[in-house]
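Before any comments, here is the structure.
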Amino acid sequence: MAHPYTPQVDDYVVWRRTGGMTDEGWVYFVDDEYITIETGVKDKPNCEYTRQERHKKIHTLVVCHPRFYNQLEYIKNRRPNEPTGHQTEYSI
């Protein structure tokens, strides 16, 4: 690969792992040691013991270490004013 993919927050990726397992979702967190990919979000049930719910959603995250970045396929991003999908910086 001429230009290896470097994950960024708000990229949508598909992780095709060795053995056939696939996960897909939004890159939620990026660090030198790993990234997390948000594979699911659902509403949090009401809690009878909490007066004020600050967190309204339950996020399911998968950890991906840099040695597996070559198994990630970049699909698009949700950052404004940046190319999405398979556009390049040279698109007119």
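The values are calculated or read from the model by the stated rules, or taken from the named source; none is laboratory data. Bear in mind the structure is a predicted one, so any value in this text is a computation, not a measurement. Methodologically, a virtual Cβ is constructed for each residue, glycine included, from the backbone with ideal geometry; neighbour enumeration extends over all protein chains shown. These accessible areas exclude ligands, DNA and RNA; they are computed on the full protein's heavy atoms, side chains included. Shrake-Rupley method; radii C 1.70, N 1.55, O 1.52, S 1.80 Å.
So here's what we get for this one:
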item	result
Residue in the stretch 20-30 that is in contact with a His (Cβ under 8 Å, 6 or more places away or on another chain) and touching a residue at least 24 places away in the same chain (Cβ under 8 Å) present	yes
Qualifying residue in the stretch 32-41 (condition: in a loop (DSSP other than H, G, I, E, B) and under 13 Å from the mean Cα position of the chain (by Cα))	yes
Count of the stretch 9-44 residues which are touching a strand residue (DSSP E or B) at 6+ places or on another chain (Cβ under 9 Å) and either over 22 Å from residue 75 (Cβ atoms) or open to solvent by 100 Å² or more (accessible area, probe 1.4 Å) (or both)	6
Residue match in the stretch 53-60 (condition: closer than 18 Å to residue 14 by Cβ, at pLDDT 95 or above and in contact with a Phe, Trp or Tyr (Cβ under 6 Å, 6 or more places away or on another chain))	no
